[in-house]
Amino acid sequence: MRFAEKVHAGAETARAGVLPAKKHVCFVAPHAWPVLSRDPHIQETGGAEVQQSILARLFAANGTRVSMITLDYGQPDRVTVDGVTVHKTFKLEEGVPVLRFVHPRLSSMWRALRAVDADYYYFRSAGMWLWFINRFCRRHGKHSIYAGASDKDFVPDIGGQMRYARDRWLYRRGLAEVDGIVAQNEYQRETCRATYRREATVIPSCYERPAARSTTAGRAAERDCVLWVAMMQPNKRPELFLELAARLPQRRFVMIGGPRPGCDALFEQIRAQAAKLPNLEFKGFQPLAEVEPWFDRARVFVNTSAFEGMPNTFLQAWSRGVPTLATVDVGAPSAYTLFQDTGTAAAEVERLFTDELHWRARSNACRSYFDGKYAPESVLAQYQAFFRGLGA
């Protein structure tokens, strides 16, 4: 059964849809096409894009008219994927440097926003487009929504992926003006209030339950590796995973992730270091569909980030009952084990391999936490309430 069908079958709390039938929501997600289309040839997968693709399918499966605006990756314009109509804008390198900020970027985005003609425009992850979307919505009587994707999105020194001071300034202006704000957790809501004096609604991230529910303790023996999955960049601290693998030469470690733009040197450095560890498989970039089976066979999932919002990888692990270790606190103490040094992490990893009762207890805890908070039907109901608050 396809994702949309499974979500529709399970979402009893949302039989009337997210929005009234005549309403229309558009996800402005420039880099989401590779994820939404499941194109294995485009090496680009970001957490915000995964979430927007999940939500777009979820909304469409439950009776809402859904569109998405993305960059031009060579796909047809206005193609429909799982009930989501995709409008394309510009190619990333198209146009003359400096001048291309106005044309084709702003010009083609404005045309796409008008062509979609939605009632609500949803943007996720810090970027200058938020200000631009607000300008469009105010001029045309639409609603704008911003959804945080990281715990850095609302802090005073926001930088994130925004290279230029201009873009950071426009993003801050956008946060001050946007109609509605969604936070992933209480920390984001608190920092949004403290920094921008704006109230945010906490709605957790969403993830589809695995089709073949490989989460029972009876399959624990089939789980044979310690898994790390992330986009390779400094704040993910991949070197800590290498250090952990070196401490446990008797265990199998698997590392998955391509470089974030501008981080090729780090990627090559980590790959070279990983090649020296006989117990570590370095996979590099893998399409989302090829990453999923690795979570099915993981005994433990490890996150080594300096900061996060709510990583999709946590939800991939928890939905399968994979015990998780992390260096970052995302406010879910029952679902994972927090560690500060690789010595502590190594001891816990080894215990999860050798103590079956402990593994089962951790597996059940994270799976139960996922079912209670991050399952599609729960998140869908919260978005229903959020849209009602905006006047849907």
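The values are calculated or read from the model by the stated rules, or taken from the named source; none is laboratory data. Computed from a predicted structure; not experimentally measured. Cβ placement follows ideal geometry from the backbone for every residue including glycine, while neighbour counts extend to all protein chains displayed. With ligands, DNA and RNA removed, areas are computed over all heavy atoms of the protein, side chains included. Shrake-Rupley method; radii C 1.70, N 1.55, O 1.52, S 1.80 Å.
Distance from the Cα centre of segment 129-146 to that of segment 262-310, in angstrom?
For segment 129-146 versus segment 262-310, the Cα centre distance is 37 Å.
Mind checking the dipole of segment 29-117: about its Cα centre, +1 per Lys or Arg Cβ, -1 per Asp or Glu Cβ, Debye to the nearest 20? The partial results should precede the final answer.
Working: 10 positive and 9 negative charges, 52 e Å.
Dipole about the Cα centre, nearest 20: 240 debye.
Around ARG166, under 12 Å between beta carbons, what's the net of Lys plus Arg minus Asp minus Glu among the other residues?
Once all neighbours under 12 Å are counted, the net charge is +3.
If you place +1 on the Cβ of every Lys and Arg, -1 on the Cβ of every Asp and Glu, and leave all else neutral, what size is the dipole of the chain about its Cα centre, to the nearest 20 Debye? All intermediate terms of the calculation are to be shown ahead of the outcome.
Details: 52 positive and 41 negative charges, 202 e Å.
It works out to roughly 980 debye.
Evaluate the relative contact order of segment 88-165 (contact order divided by residue number), counting alpha-carbon pairs under 8 angstrom at least 6 apart; express in whole percent.
25
Name all residues of segment 25-45 having a backbone nitrogen under 11 Å from the label point set 7 Å from the Cα of LEU288 along its Cα→Cβ direction, giving them as ranges.
What the label zone holds, given the 11 Å backbone N cut-off, is 32-39, 45.
Would you please put 54-66, 367-379 in order of how densely packed they are, using the mean number of other Cβ atoms within 10 angstrom per residue and starting with the highest? If you can, show how the numbers build up before the last one.
Numbers: 54-66: 24.2, 367-379: 18.6.
Highest to lowest by the protection proxy: 54-66, 367-379.
Net charge near GLY262, counting Lys/Arg +1 and Asp/Glu -1 over other residues with Cβ under 14 Å of its Cβ?
With Lys, Arg at +1 and Asp, Glu at -1, the net is 0.
Pull up the cross-link candidates among the aspartates and glutamates for LYS88, meaning alpha carbon to alpha carbon under 20 Å and not fewer than 8 places away within one chain.
Partners within reach: ASP39, GLU44, GLU49, ASP72, ASP77, ASP117, ASP119.
Go through ARG124, ARG100, ARG189 and list them by solvent-accessible area, largest first, probe radius 1.4 Å.
These residues rank, largest area first, as ARG189, ARG100, ARG124.
Under a GNM of the chain (C-alpha, springs under 10 Å), which listed residue has the highest mean-square fluctuation: ALA345, ALA118, ALA332?
Between ALA345, ALA118, ALA332, it is ALA332 that shows the largest mean-square fluctuation.
Once ligands and nucleic acids are excluded and a 1.4 Å probe is used, how much of TYR164 is accessible, expressed in Å² to the nearest 10?
Surface open to solvent at TYR164 totals about 110 Å².
Excluding TYR336 itself, what net charge comes from residues whose Cβ is under 15 Å from its Cβ, given Lys and Arg +1 and Asp and Glu -1?
Working: positive: ARG299, ARG320, ARG351, ARG362, ARG367, LYS373; negative: GLU308, ASP329, GLU348.
Charge balance near TYR336 sits at +3.
Using 1/(1 + (r/R0)^6) with R0 = 35 angstrom and r between the beta carbons of LYS23 and ALA361, what's the FRET efficiency to the nearest 0.05?
0.20
Is the C-alpha gyration tensor of segment 203-347 telling us rounded, prolate or oblate? Criteria: a/c under 1.5 is rounded; beyond that, a/b larger than b/c is prolate, otherwise oblate.
Note, shape of segment 203-347 comes out rounded.
Please give every one of the lysines within straight-line cross-link reach of LYS152, meaning a C-alpha to C-alpha distance under 23 Å, and leave out same-chain neighbours fewer than 8 residues apart.
LYS236, LYS373
Size of the dipole of segment 256-296 about the Cα centre, Lys and Arg at +1 and Asp and Glu at -1 on the beta carbon, nothing else charged, in debye to 20?
220
Suppose all protein chains stay in the model; what accessible area per residue would a 1.4 Å probe give for the chain, in Å²?
42
Rounded to the nearest percent, how much of the accessible area of the chain (1.4 Å probe, protein heavy atoms only) is carbon and sulfur?
51
Can you tell me which of TRP169, TRP228, TRP294 moves the most in a GNM of the chain? Springs connect C-alpha atoms under 10 Å apart.
Maximum fluctuation in the GNM of the chain, among the listed residues, is at TRP169.
State, as an integer percentage, the relative contact order of the chain based on alpha-carbon contacts under 8 Å between residues 6 or more apart. Write out the running numbers ahead of the final one.
On the way: 743 pairs, mean separation 63.8, N = 392.
Dividing the mean separation by the residue count of the chain yields 16 percent.
Would you look at the GNM of the chain, springs on alpha carbons closer than 10 Å, and say which of LEU130, LEU357, LEU280 moves the most?
Highest fluctuation among the options: LEU357.
Which value in nm describes the separation of the simple spin-label points at THR195 and LEU338, placed 7 Å from the Cα toward the beta carbon?
2.0
Note the full-extension length gain between ALA176 and ALA381 as 0.36 nm times their separation in residues minus their Cα-Cα distance, in nm to one decimal. Mind dumping the intermediate values first?
Details: separation 205, 0.36 × 205 = 73.80 nm, distance 2.65 nm.
Using 0.36 nm per residue and subtracting the Cα-Cα distance, I get 71.1 nm.
What aspartates and glutamates could a cross-link reach from LYS276, if we take a straight Cα to Cα line under 20 Å and drop same-chain neighbours fewer than 8 places away?
GLU239, GLU243, ASP264, GLU268
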